[in-house]
Amino acid sequence: MCNNECDASTDELAHPPELMFDFEGRNPTTFWQSSSWNTFPKPLEVNITLSWNKTIELTDDIILTFESGRPEQMLLEKSLDYGKTWTPYQFYATDCLDAFTMEPKTVNELTQRTLLDIICTEDYSRGYVWKYDKTVRFEIKDRFALFAGPRLHNMASLYGQLDTTRNLRDFFTVTDLRIRLLKPATGATMVDENNLSRYFYAISDIKVQGRCKCNLHSNSCVFDKDKGKLGCECEHNTTGPDCGRCKRHYHGRPWSVGSYLPIPRGTANICE
Ligand SMILES: [Ca+2]
């Protein structure tokens with residue numbers, strides 16, 4: 001770590017946000033680092049906002065890798081309307097009751113019925129850095145497994161649910177994510193006020209895996225250089241950034257989302 005040698009104005013000593021998204025090859029890792037908690041007792045709060053300018057369906061766990069201790073309090077939020085409104089996705093704390101007046105839960109306690117519940121977990125906040133203890137996750141696969149089975153062998157069951165349950169589809173869908181770092185790791189009950197430069201956030205990597213949401217009406221999603229954003233290449237006589245409506249002159253029946261299930265059980269729901 002560069003505790004006392006960080007300097008945003010010097011290339012070799014700077015830790016800009018881009019270093020959370022570069023390719024992590026061999027050591028040494030590259031990381032972003034916040035300023036330290038010199039304004040204590042004012043909270044040290046930092047937001048990291050990821051915007052796709054496009055609706056994205058998450059397909060795998062979100063993984064943050066910390067080079068500092070993992071935060072004692074953190075909130076992951078999502079937006080479905082390009083950052084206009086935000087809702088919590090998951091709360092993280094060493095003490096959920098104290099931090100958010102929520103009972104601690106783990107993803108393993110969720111059931112098909114409670115899958116959409118927003119929980120506070122204490123799984124990713126404990127302790128200082130240990131070699132295998134640096135990540136904070138949002139568990140997409142464990143939630144998929146509630147329908148598809150532990151090794152995701154029954155995806156048809158999950159797809160069937162996604163076809164029929166809009167809330168479930170929306171749960172895994174985002175246009176933006178916001179990571180709200182609310183309290184850095186202190187490793188103790190008391191903050192050492194004589195050593196405030198010890199406390200900061202540092203993240204080496206953020207992994208988000210997903211695919212463009214095209215409402216099952218497209219096989220490809222391409223980056224439009226002119227518009228500067230991703231867009232679906234719509235088929236089935238649909239149009240719009242997410243293929244979310246029928247093309248002109250194809251309103252023979254109402255637009256409908258395609259199907260995750262293959263034909264014959266699913267249907268393409270072509271606009272006619
Ligand atoms: Ca990095």
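Those residues that are within 23 Å of Tyr92 (Cα to Cα) and assigned to a loop (DSSP other than H, G, I, E, B), I need them from region 196-213; list them, please.
Residues satisfying the conditions are Tyr199, Phe200, Tyr201, Val208, Gln209.
Every residue, every condition in (1) under 22 Å from the mean Cα position of the chain (by Cα); (2) part of a strand (DSSP E or B); (3) surrounded by fewer than 14 Cβ atoms within 10 Å (Cβ to Cβ), yes or no:
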position: Asp176; (1), (2), (3): yes, yes, no
position: Met190; (1), (2), (3): no, no, yes
position: Asn194; (1), (2), (3): no, no, yes
position: Asn215; (1), (2), (3): yes, no, no
position: Val257; (1), (2), (3): no, no, no
position: Leu261; (1), (2), (3): no, no, no
position: Pro264; (1), (2), (3): no, no, yes
position: Ile270; (1), (2), (3): no, no, no
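Considering only region 6-28, how many residues are near the ligand (Cβ under 8 Å from one of its atoms) and either under 16 Å from Phe200 (Cβ atoms) or modelled with pLDDT of 90 or more (or both)?
Residues that pass the stated criteria total 4.
For region 42-57, state whether one or more residues are within 16 Å of the ligand (Cβ to nearest atom), more than 20 Å from Asp192 (Cβ to Cβ) and more than 21 Å from the chain's Cα centre (by Cα).
No, that holds for no residue.
Give the residue that is modelled with the highest pLDDT, with candidates limited to residues of region 230-244 that are among the small types (Gly, Ala, Ser) and part of a loop (DSSP other than H, G, I, E, B).
Here the answer is Gly244.
Output the residue which, of all residues in region 29-41 that are of a type in the set (S, T, N, Q) and assigned to a loop (DSSP other than H, G, I, E, B), is nearest to the ligand (Cβ to nearest atom).
Step one: of region 29-41, the residues of a type in the set (S, T, N, Q) are 29-30, 33-36, 38-39.
In the following step, the residues that additionally are assigned to a loop (DSSP other than H, G, I, E, B) were identified as 29-30, 34-36, 38-39.
Values: Thr29: 6, Thr30: 4, Ser34: 15, Ser35: 19, Ser36: 20, Asn38: 25, Thr39: 27 Å.
It comes out as Thr30.
Name the pairs whose Cβ atoms lie under 6 Å apart, with the first residue in region 14-34 and among the small types (Gly, Ala, Ser), the second more than 10 Å from the ligand (Cβ to nearest atom), and 6 or more positions between them or separate chains?
Within 6 Å, the pairs are Ala14/Ala8; Ser34/Val46; Ser34/Phe200; Ser34/Tyr201.
Of the residues Lys183, Lys247, Lys227, only one is away from the ligand (no atom under 16 Å from the Cβ), modelled with pLDDT of 95 or more and surrounded by fewer than 19 Cβ atoms within 10 Å (Cβ to Cβ); which? Write out each step before concluding.
Values: Lys183 fails: surrounded by fewer than 19 Cβ atoms within 10 Å (Cβ to Cβ); Lys227 fails: modelled with pLDDT of 95 or more.
After ruling out the rest, the residue left standing is Lys247.
Would you be able to say whether some residue in region 56-64 is assigned to a strand (DSSP E or B), farther than 24 Å from Arg126 by Cβ and not hydrophobic (A, V, I, L, M, F, W, C)?
yes
The values are calculated or read from the model by the stated rules, or taken from the named source; none is laboratory data. What you see is a predicted model, and the numbers here were worked out from it, not measured in a lab. Cβ coordinates were reconstructed from backbone atoms using ideal geometry, including for glycine residues, and neighbour counts include every protein chain displayed.
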